[in-house]
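> Next up is a structure, given as structure tokens.
Every number in this text was worked out from the coordinates using simple rules, so none of it is lab data. Please read these numbers as outputs of a predicted model, since none were measured by experiment. Heads up, the Cβs are rebuilt from the backbone with ideal geometry, glycines too, and the neighbour counts pull from every protein chain shown.
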Amino acid sequence: MAARIAITGASGFVGRALVAALSPHHTVFPVPRALLAAEESPAALERFAPTHLVHAAAIAHRRPPRGAAERRELQRVNVELAASTALLAARLGVRRLLVLSSIGVHGAATAHGQAITEASPLQPANAYARSKLEAEDRVRTALEGTATGCTILRPALVYGPGAPGNLAAFSRWVDAGLPLPLAAVANRRSLIALANLVDLIATALLAEAAAGRTYVAADAETIATPELIRLIARVRGRPARLFPLPPPVLAAAGRLPLLGPKLRQLSGNLVVHSALVRRELGWRQPLAQRAALEAAFASQPR
């Protein structure tokens, strides 16, 4: 049955793809951020009469906030906007609010042989992840005692054509022929294809079983960082300039103030086991990871 779906963050990386995927099957209203914050927003959304709402608006893929002004902006957009959207959804009688959070609320790394699940500890490692965890709490509080059901998704790093952030940086490094000291890294990392995430959002948004639930989300496959770099190089017709560093040297480099955080991220493990959403909702990812990665990096601007 067709739904009336409002989407915040509709101009973002995930939001644009979500609008394109849902529009052929449902009536979709992309909610501009300015409209959501304006006094007339309830009237505009009342006229649309959404049955479902996806909150995808957030500040992401940005360096850590520097100074009080940037911290206030992160709080306003990632936390306060999520809370006000939840209050608005309840006031408008929206049946389901789906909030995009982040796997980062569980931390930035996993120990070898371990994986993040919904039962894993909440230990956000940076300001962005802390803001997403606070947003989750504020949304749940805002919807207590209302008829609006809530579903929260915590996706791994999202990749796809035009992906911003770290994966775009990978392409630039490979294109520039930069040597990377990661040949000896034997890690595993979870990612999620944009098309797979969009398909999961569409499934969870409309599934009765997803009401009140929180799910971690990732492709079923994992990939090692050297394997990912070699795939990027092959797709883009470039050499993969990888060389090994002894683990103690790599660990020491990881403590450097500027380069260290990026090296730790690239060489560490972050494995997400998203069996619960597959089991409870019967979801199956439409794209295999390797094919999705090849398509993503083939289309990345050079």
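> For the stretch 239-295 and the stretch 67-96, what is the centre-to-centre distance using only Cα atoms, to the nearest Å?
Each part reduced to its Cα centre gives a spacing of 30 Å.
> What are the ³J(HN,Hα) values, in whole Hz, obtained from phi via the Karplus relation 6.51 cos²θ - 1.76 cosθ + 1.60 with θ = phi - 60°, for each residue of the stretch 143-150 in sequence order, with x given for Gly and Pro?
Computed from phi, the couplings for the stretch 143-150 are 9, 4, x, 9, 8, 8, x, 10 Hz.
> Once amide H atoms are built 1.01 Å from N in the peptide plane, which residues 5 or more positions from ILE116, or in another chain, come under 5 Å H to H?
VAL271, VAL272, HIS273
> Looking at the chain, I'd like the Rg to Rh ratio, where Rg is from alpha-carbon atoms and Rh is Kirkwood's inverse mean 1/r.
Radius of gyration relative to Kirkwood radius: 0.98.
> Listing LYS262, LYS132 from the residue with the fewest other Cβ atoms within 10 Å to the one with the most, what is the order?
Values: LYS262 13, LYS132 24.
Sorted ascending by nearby Cβ count, the order is LYS262, LYS132.
> While we're looking at this one, here's another question. Given contacts defined as C-alpha pairs under 8 Å and at least six residues apart, what's the relative contact order of the stretch 91-173, whole-number percent? Kindly include the intermediate steps, with their values, before the conclusion.
Working: 79 pairs, mean separation 36.3, N = 83.
So the answer I get is 44 percent.
> Calculate for the chain the 222 nm mean residue ellipticity that helices alone would give, adding -39,500 (n - 2.57) per DSSP H run of length 4 or more and normalising by residue count, nearest 500 deg cm²/dmol. Walk me through the numbers on the way to the answer.
Working: 13 runs with 127 residues, N = 302.
That calculation yields -12000 deg cm²/dmol at 222 nm.
> Tilt of helix 166-176 relative to the longest C-alpha principal axis of the chain, in degrees (0 to 90, nearest 10)?
Relative to the chain, helix 166-176 is tipped by roughly 40 degrees.
> Residue by residue through the stretch 84-100, what is 3J(HN,Hα) from phi via Karplus (6.51 cos²θ - 1.76 cosθ + 1.60, θ = phi - 60°)? Round to whole Hz and write x for glycine and proline.
My calculation for the stretch 84-100 gives 5, 5, 5, 4, 5, 4, 5, 5, 8, x, 4, 6, 9, 10, 10, 10, 8 Hz in order.
> Using a cut-off of 15 Å between beta-carbons, work out the net charge of the residues near LEU22 (Lys and Arg +1, Asp and Glu -1, LEU22 not included). All intermediate terms of the calculation are to be shown ahead of the outcome.
Details: positive: ARG4, ARG16, ARG96; negative: ASP199.
It works out to a net charge of +2.
> Name the long-range amide H neighbours of THR214: under 5 Å, sequence gap of 5 or more, or other chain; modelled H, no Pro or chain starts.
Result for THR214 returns ILE152.
> Right, next: With axes computed from alpha carbons, what is the tilt in degrees of helix 194-206 against the longest principal axis of the chain, rounded to the nearest 10 within 0 to 90?
30 degrees
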